[in-house]
Amino acid sequence: EFQATLQQRIPDLVINGHPEQRIYNTLNISIPGCPGDMLLLNLDMKGIAVSTGSACNAGKVKSSHVLTAMGLSSRLSGSALRFSLGRDNTREEIDYVVTELTAIVQRLRSK
């Protein structure tokens with residue numbers, strides 16, 4: 001549901017990895033035209049915790065070698081975000097993330 005809602009709001013969003021065969025609570029996406037570090041910073045200012053790249057690359061600034069090995073261009077891997085949801089996340093929190101991410105993407109693309 002989270003993925004489908006994001007895809008509706010950000011139609012050119014790219015799902016990184018297999019569309020179904022992945023850990024159920026983790027979603028890795030790329031948003032063309034929006035640098036991952038800027039997305040991360042803006043989401044953090046809204047109280048939303050995400051990571052850039054893959055879990056294997058957490059804490060690193062450069063593009064994920066995992067995403068590159070999966071065939072993503074440096075441009076797409078540089079715009080990657082990883083969301084991890086837990087059983088305690090509420091529908092309201094997920095809606096908040098979608099709303100804020102959509103607004104941030106629109107703002108970054110308008111610059």
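No value in this document is a laboratory result; all are computed from the given coordinates. All of these numbers come straight from a predicted model, not from anything done at the bench. No Cβ is skipped: glycine too gets one built from the backbone with ideal geometry, and neighbour counts run over all protein chains shown.
Along region 23-33 the Karplus relation, 6.51 cos²θ - 1.76 cosθ + 1.60 evaluated at θ = phi - 60°, assigns HN-Hα couplings of 5, 4, 9, 10, 9, 10, 10, 10, 10, x, x Hz to successive residues, with x for each Gly and Pro. Looking only at region 1-29, which residues have a backbone nitrogen under 20 Å from a spot 7 Å from the Cα of D37 in the C-beta direction? Answer for this model: 29.
Under Stokes-Einstein, with the Kirkwood radius over Cα pairs as Rh, the value for region 72-111 at 37 °C and 0.692 mPa s is 273 µm²/s. GNM remark for the chain: springs join alpha carbons under 10 Å apart, and the peak mean-square fluctuation among G47, G78, G17 falls on G47.
Obtain the nm distance between the two label points defined at Q3 and S73 by a simple spin-label model: each point lies 7 Å from its Cα along the Cα-to-C-beta direction. For Q3 paired with S73, the spin-label model returns 2.3 nm. Averaging 1/r across all pairs of distinct Cα atoms in the chain and inverting the result yields a Kirkwood radius of 14.1 Å. Mean Kyte-Doolittle hydropathy of -1.0 or higher plus an axial Cα length of 20 Å or more: which whole DSSP H helices in the chain meet both? Within the chain the helices that satisfy the rule are 91-109.
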